[in-house]
Amino acid sequence: MFSGSIPALVTPFRNGGFDEDAYRAFVEWQLSKGTTAVVPCGTTGESATLTFEEHFRVVRTCVDQVAGRVPVIAGAGSNDTQVAIQNIRAAMDAGADAALMVPPYYNRPNQDGIFAHFEAIVAACDLPIVLYNVPGRTVTDIKPETVIRLAAAFETIVAIKDASGDLPRVSAHRGGAGGDFVQLSGNDDMALAFNAMGGRGCISVTANVAPKLCAEFQAATLSGDFARALEINDQLYPLHAALFSDASPGPVKYAVNRVRPDFSTELRLPMTPPCGASRTQVDAALAHAGLI
């Protein structure tokens, strides 16, 4: 269902509001470079600072601009199960092909609580779900046995974005959930090894800035051309690091602006612009990748 280079799209703001024209142009640029699916309103899209109305306006805009050419996986998670249900229904109403759903953050349920959270969501809406395991942000870890349990119990739980940083989980998930359960890396710097172990793509931050190279990298890994994939990985690796040299998505928006000067670097508080050292690192990485 999902594979390849899938950017977690940044959300452009201008004068405090969503810049729809810039977003449409950005989405179109992504598709022209080989992007195989898109994620509006994920972490990199500053979903935490969007109102409900803004969030799903962004999703509707993305769906409209994509016009069925690639899948749209809408960020829709919440730590409140009832809000998560409201969000996934809104994503379905907006025309999304799937929802990206984190486990409950802050409240930190145990594994049975995580399972019950997703059980309630599945019962309320039949939109396909991509689990999003990012314990570094949520402080809630969907353990492999729970991932396997969810995949076995619910046919609409079809994939995972794994940002745990724990590569052996790719094999654990594959062994327990089977080869049809789609595994997507949530870390650009691990995508090479992740795909070699059975992953099918990456929900990527770097693809915001280097969509063509990321698409070529993913195509190389999926075709088994790991020599070419390694070459591109070496080209992009400094950029993977630079984009997290300060609080994300500050460096990402700065980098996008360097390659697309029409794209604003504006952020919403509490996010602030990247520091000078971060900007210098991003510039050097962009030059190394041949993007400036």
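Readers should treat all values here as calculations from the given coordinates under stated rules, not as data from a laboratory. Just so it is clear, the structure is predicted and the values come from calculations on it, not from any experiment. Cβ coordinates were reconstructed from backbone atoms using ideal geometry, including for glycine residues, and neighbour counts include every protein chain displayed.
Compared with the direct C-alpha span, the chain from R260 to L230 gains 8.2 nm at full extension, assuming 0.36 nm per residue. The residues packed around N257, meaning those with a beta-carbon under 13 Å from its beta-carbon, carry a net charge of +1 if Lys and Arg are +1 and Asp and Glu are -1. How much of the DSSP beta bridge set in the chain is antiparallel, as a percent to the nearest 5? Counting DSSP beta bridges with both partners in the chain, the antiparallel share is about 10 percent. Work through the residues other than D19 whose Cβ is under 11 Å from its Cβ and net out their charges, Lys, Arg +1 and Asp, Glu -1. After counting each charged neighbour, the total is -2.
Got the relative contact order for region 168-233 handy, in percent, Cα pairs under 8 Å and 6 or more residues apart? Across region 168-233, relative contact order equals 26 percent.
Take every pair of alpha-carbon atoms less than 8 Å apart whose residues are at least six positions apart; their mean separation over the length of the chain yields a relative contact order of 18 percent.
Evaluated with a Cβ-only charge set (Lys, Arg +1; Asp, Glu -1), the chain carries a dipole of roughly 220 debye about its Cα centre, given to the nearest 20.
With distances taken between every two different alpha-carbon atoms, region 21-74 has a Kirkwood hydrodynamic radius of 11.3 Å. Listed from fewest to most Cβ neighbours within 10 Å, the set I232, I85 follows the order I85, I232.
Across q = 0.15, 0.16, 0.17 Å⁻¹, region 4-225 modelled as identical point scatterers on its alpha-carbon atoms has Debye log10 I(q)/I(0) values of -0.94, -1.07, -1.21, in the order of the q list. Summing +1 for each Lys or Arg and -1 for each Asp or Glu among the other residues whose beta-carbon sits under 12 angstrom from that of W29 gives +2. Mean residue ellipticity at 222 nm, helices only, the chain: -14500 deg cm²/dmol; runs of at least 4 DSSP H residues each add -39,500 (n - 2.57), and the sum is divided by the number of residues. Between Q183, A210, T35, the Cα set farthest toward the positive side of the dipole of the chain (charges on each charged residue's Cβ, about the Cα centre) is that of A210. Full extension of the segment from E155 to T280, taken as 0.36 nm per residue of separation minus the current Cα-Cα distance, would add 40.4 nm. If you plug the beta carbon distance of A196 and S32 into 1/(1 + (r/R0)^6) with R0 = 35 Å, you get a FRET efficiency near 0.80. Computed from the C-beta positions of R108 and S171 and an R0 of 22 Å, the FRET efficiency is 0.25 to the nearest 0.05. Distances between placed amide hydrogens fall under 5 Å for F13 paired with D19, E266, all partners being 5 or more residues away or on another chain.
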